[in-house]
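Q: Sharing a structure here in C-alpha cells format.
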Amino acid sequence: MELDKLFALVLSLSFMLGCTEKETQVKVSSVSLNTATIEMIEGETFSLVATVLPKDAEYDGVMWASSNASVASVNSGIVSALKEGTSTITASAGEKSATCSVKVSAKTIAVTSITLDKTRLSMQVGETETITATVKPDDATDKTVTWSSSDESAVKVDN
C-alpha cells in the first residue's frame, strides 16, 4: 500500500507542477531601422530594414505605417515617394516601434527645347518686334527664358 501512496503522491506533484509551469514568451525589447531620415524625389523608392531584438522574440511580424500616405507610402518596408512634403514611417513589432522621417522633394523636369516664333528679323532703327519663345516640355520645372543680344550696340533685347 505504501507504494501506491508514493505513486499517487508523485503523480499528484507531477500534475501540479505541470499545471503551474507557465510557458515563457520572449518579448520584443527593441525595434530599429537602417536609417532615421530619408530625403527622396517624387517617384523614387527606398528600402527600410527593421531589426527586431532579441532575435528569438515572438511577434506577428513587422507592421508598417505612414503618417502621410499621400506623400510617402510604405509596403513591407519599401517606401515610395509620391509627392512633395513630409511623412513619418513607423515600423512596429510587439509593443515596440521605430520611426524614420521622410522628406520628399518635387521632381525636377528639365527643359528639352526652346523654339522661337521668328528666327529672322529685318528692322529699321527705332522699330520694335516681339519674339515669343516656347519652352518644352510643357511641365518643365523652370521655364524662365533669358534673352540676350550678340551685339547690344545694334540690337537691344528687353524681356
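Q: Assigning unit charges at the beta carbon (Lys, Arg +1; Asp, Glu -1) and nothing else, what dipole magnitude in debye, to the nearest 20, does the chain show about its Cα centre?
A: Value, rounded to 20: 80 debye.
Q: Output the antiparallel fraction of DSSP beta bridges having both residues in region 28-159, as a percent to the nearest 5. Before the final figure, lay out the partial values.
A: Numbers: 28 of 33 bridges.
Counting DSSP beta bridges with both partners in region 28-159, the antiparallel share is about 85 percent.
Q: Can you tell me which of 113-119, 49-55, 80-86, 134-140 comes out highest on packing, and rank the rest after it, using the mean Cβ neighbours within 10 Å?
A: Top of the packing list down: 80-86, 49-55, 134-140, 113-119.
Q: Could you tell me which label, among [x] 1.56; [y] 1.13; [z] 1.03, carries the value of Rg/Rh (Cα atoms, Kirkwood Rh) calculated for this structure?
A: Matching the structure shown: [x].
Q: Beyond 18 Å between alpha-carbons counts as too far, so tell me which of LYS107/LYS143; LYS118/LYS156; LYS103/LYS136; LYS83/LYS107 fall in that bin.
A: Details: LYS107/LYS143 15 Å; LYS118/LYS156 16 Å; LYS103/LYS136 28 Å; LYS83/LYS107 9 Å.
The answer is LYS103/LYS136.
Q: Also: For the chain, what % of the accessible area comes from carbon and sulfur atoms, probe 1.4 Å?
A: Carbon with sulfur: 52 percent of the solvent-accessible area.
Q: In a Gaussian network model over the chain where Cα atoms closer than 10 Å are linked, find which of SER148, SER47, SER105 has the largest mean-square fluctuation.
A: It is SER148.
Q: Compute the acute angle (0 to 90°) between the alpha-carbon long axis of helix 2-20 and the principal axis of greatest extent of the alpha-carbon atoms of the chain; round to the nearest 10°.
A: 20
Q: Return the whole-Å distance between the Cα centroid of region 34-74 and the Cα centroid of region 124-159.
A: After rounding, the separation between the Cα centres reads 49 Å.
Q: Over the chain, what is the relative contact order in percent, taking alpha-carbon pairs closer than 8 angstrom and at least six residues apart? It would help to have the intermediate numbers written out before the result.
A: Details: 267 pairs, mean separation 29.5, N = 159.
Relative contact order for the chain comes out at 19 percent.
Q: Which value, in Å², gives the accessible area per residue of region 40-159 when a 1.4 Å probe is used on the protein heavy atoms?
A: Numbers: 8470 Å² over 120 residues.
Accessible surface, normalised per residue, equals 71 Å².
The values are calculated or read from the model by the stated rules, or taken from the named source; none is laboratory data. Everything quoted here is computed from the prediction, not taken from an experiment. Note: ideal-geometry Cβ built from the backbone for every residue, glycine included; neighbour counts use all protein chains shown. Only protein heavy atoms, including side chains, enter the accessible area calculation; ligands, DNA and RNA are left aside. Shrake-Rupley method; radii C 1.70, N 1.55, O 1.52, S 1.80 Å.
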